[in-house]
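Colleague: First, the structure itself, so that you have it in front of you.
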């Protein structure tokens, strides 16, 4: 990696691009990503690239550009998304869509998830476009629509209608890269897998009656309430997948305790060991995430029921968010529901069905990430990570068989405890220092993989 490159200056430029992107409100729904896609396209054109802007429907913009390679090696897609989740201004200490750059931070919704990565990857493309040598394969940049609502109008649409735009052997996306500090050692995460996403509606039926004599009816809300109570208590035995085992081994090694390290990889004792680890400063959030990585989860998220204030509810509908480990699907979920809700009468409707996905770790891209992290942060470890949430990587794994890694790296000071609460949270912001670190890291990874600079 060349030391002559002006990474600090490029970080300032990326901060300005990010500021402009934040000022374009792409709250999803409705999304309206087209103006943001045009901002990115103008930036890419400013240094000679020729991006295309594709609308999946009116206003739903995706911007893609390809830097041609020699064809001697694999292609790489740098992926990010333009839409953001809603932000309530009354809860923030600054306007969510101001994009202000203040005290070394870019402020606003999307700074971390995921317009910051858009700006970083665009800056990397600027560096690549300025090189005289050619990559061994195509390097593709894509900032897409609708990720926060499942990617139906973004990556999923592109794969169905314009797959040639995204076809690549390797993908770098959001979902990992944030370090965890365990005692005096940093562990950088690389998202190589994610849990399946299943949203379902449970419908409960009752019998109406005048609420002044409630026992004459059969209250569907009471049935749904019992279902909520049982689902909230659902905690199946731990299952440690190979990916999570590798992460737990890295965490265990960093604790310096052989006993804890051994217990962390034992399904019968992993929860107990994690409770001990949680007492370490700064590891509380990681422990909560790890407990969700070793089992399927179900969470009631929405409820709708009743007919009128003085009528015993004849119906009630409960929405449940279910996250399943890779390899598990609809039948396993239905069986779990039968066990949890035994004795209750209900109907099930699946709203979303998306299986868990996983990419291999033994790849040149993973090794390039490891080598780059070790160069930038000597002594740091690199470990695979399973996302408990969903990203657009799953679409590419399933449709194209692409090896997808989540790697949106932050500086050593910006650990998981500090960064993750900002995602979808209040007062979202990213430091210019983190933008610089991410540009250095991603450029280093691309340099190694696509230019043979090992």
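Colleague: Quick check on segment 168-178. Is at least one of its residues farther than 24 Å from residue 385 by Cα and outside any strand (DSSP E or B)?
Modeller: Within segment 168-178 (the criterion being farther than 24 Å from residue 385 by Cα and outside any strand (DSSP E or B)), the answer is no, since none of the residues qualifies.
The rows are residues; the columns are (1) in contact (Cβ under 8 Å) with a residue 24 or more places away in the chain; (2) crowded, with 23+ Cβ neighbours inside 10 Å.
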position	(1), (2)
8	yes, no
21	yes, yes
28	yes, no
46	no, no
54	yes, no
57	yes, no
63	yes, yes
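Colleague: Another question, then. Just one of the numbered conditions (1) surrounded by 19 or more Cβ atoms within 10 Å (Cβ to Cβ); (2) at pLDDT 95 or above; (3) over 21 Å from the mean Cα position of the chain (by Cα) is not true of residue 290; which one?
Modeller: Unmet for residue 290, out of (1) surrounded by 19 or more Cβ atoms within 10 Å (Cβ to Cβ); (2) at pLDDT 95 or above; (3) over 21 Å from the mean Cα position of the chain (by Cα): (3).
Colleague: Hey, another quick one. Residues in segment 126-167 that are surrounded by fewer than 24 Cβ atoms within 10 Å (Cβ to Cβ) and not in a loop (DSSP other than H, G, I, E, B): how many?
Modeller: The total comes to 15.
Colleague: Could you check, for segment 55-73, whether at least one of its residues is in contact with a strand residue (DSSP E or B) (Cβ under 6 Å, 6 or more places away or on another chain) and more than 24 Å from residue 443 (Cβ to Cβ)?
Modeller: Yes; the residues of segment 55-73 include at least one that is in contact with a strand residue (DSSP E or B) (Cβ under 6 Å, 6 or more places away or on another chain) and more than 24 Å from residue 443 (Cβ to Cβ).
Colleague: Next question. Looking only at segment 385-441, how many residues end up being in contact with a strand residue (DSSP E or B) (Cβ under 8 Å, 6 or more places away or on another chain), in a helix (DSSP H, G or I) and surrounded by fewer than 16 Cβ atoms within 10 Å (Cβ to Cβ)?
Modeller: Summing the residues that are in contact with a strand residue (DSSP E or B) (Cβ under 8 Å, 6 or more places away or on another chain), in a helix (DSSP H, G or I) and surrounded by fewer than 16 Cβ atoms within 10 Å (Cβ to Cβ) in segment 385-441 gives 1.
Colleague: Still on this structure, please answer the following. Of the residues 65, 52, 24, 112, only one is in the same structural domain as residue 365 (by TED's automatic domain parsing), within 21 Å of the chain's Cα centre (by Cα) and within 26 Å of residue 127 (Cβ to Cβ); which?
Modeller: Being in the same structural domain as residue 365 (by TED's automatic domain parsing), within 21 Å of the chain's Cα centre (by Cα) and within 26 Å of residue 127 (Cβ to Cβ) holds for just one of 65, 52, 24, 112, which is 112.
Colleague: Now for a different question. Which numbered condition trips up residue 360, out of (1) part of a helix (DSSP H, G or I); (2) within 18 Å of residue 196 (Cα to Cα); (3) in contact (Cβ under 8 Å) with a residue 40 or more places away in the chain?
Modeller: (1)
Colleague: How many of the residues in segment 244-263 are more than 21 Å from residue 194 (Cβ to Cβ) and either without any contact (Cβ under 8 Å) to a residue 24 or more places away in the chain or buried (at least 16 other Cβ atoms within 10 Å of the Cβ) (or both)?
Modeller: Here the count works out to 11.
Colleague: Still on this structure, I have one more. Among the residues of segment 101-112, which ones are outside any strand (DSSP E or B) and buried (at least 16 other Cβ atoms within 10 Å of the Cβ)?
Modeller: Hits for segment 101-112 are 108, 109, 110, 111, 112.
Colleague: Suppose the filter is assigned by TED's automatic domain parsing to the domain that holds residue 393 and within 30 Å of the chain's Cα centre (by Cα); does residue 362 pass it?
Modeller: yes
Colleague: Right, here's the next one. Within segment 84-100, track down each residue that is touching a helix residue (DSSP H, G or I) at 6+ places or on another chain (Cβ under 9 Å) and either assigned to a loop (DSSP other than H, G, I, E, B) or exposed (fewer than 14 other Cβ atoms within 10 Å of the Cβ) (or both).
Modeller: Answer for segment 84-100, where residues must be touching a helix residue (DSSP H, G or I) at 6+ places or on another chain (Cβ under 9 Å) and either assigned to a loop (DSSP other than H, G, I, E, B) or exposed (fewer than 14 other Cβ atoms within 10 Å of the Cβ) (or both): 85, 95, 96, 97, 98, 99, 100.
Colleague: Follow-up question, since we're still on this one. Look through segment 327-355, keep the residues that are closer than 17 Å to residue 193 by Cα and in contact with a helix residue (DSSP H, G or I) (Cβ under 8 Å, 6 or more places away or on another chain), and return whichever of them is surrounded by the fewest Cβ atoms within 10 Å (Cβ to Cβ).
Modeller: 353
Colleague: Only one of 317, 375 is out of contact with any helix residue (DSSP H, G or I) (no Cβ under 6 Å at 6 or more places or on another chain), in the same structural domain as residue 223 (by TED's automatic domain parsing) and surrounded by fewer than 18 Cβ atoms within 10 Å (Cβ to Cβ). Can you tell me which?
Modeller: Among 317, 375, only 317 is out of contact with any helix residue (DSSP H, G or I) (no Cβ under 6 Å at 6 or more places or on another chain), in the same structural domain as residue 223 (by TED's automatic domain parsing) and surrounded by fewer than 18 Cβ atoms within 10 Å (Cβ to Cβ).
Colleague: Right, another one. Which residues, counting only those in segment 270-287, are surrounded by 15 or more Cβ atoms within 10 Å (Cβ to Cβ) and part of a loop (DSSP other than H, G, I, E, B)?
Modeller: Residues satisfying the conditions are 278, 280, 283.
Colleague: State the number of residues belonging to segment 179-195 that are within 25 Å of residue 86 (Cβ to Cβ) and in a strand (DSSP E or B).
Modeller: Summing the residues that are within 25 Å of residue 86 (Cβ to Cβ) and in a strand (DSSP E or B) in segment 179-195 gives 2.
Colleague: Outside any strand (DSSP E or B), more than 17 Å from residue 177 (Cα to Cα) and in the same structural domain as residue 236 (by TED's automatic domain parsing): does that describe residue 334?
Modeller: Answer is yes for this residue.
The values are calculated or read from the model by the stated rules, or taken from the named source; none is laboratory data. Since we're looking at a predicted model, the values are computed, not measured. Heads up, the Cβs are rebuilt from the backbone with ideal geometry, glycines too, and the neighbour counts pull from every protein chain shown.
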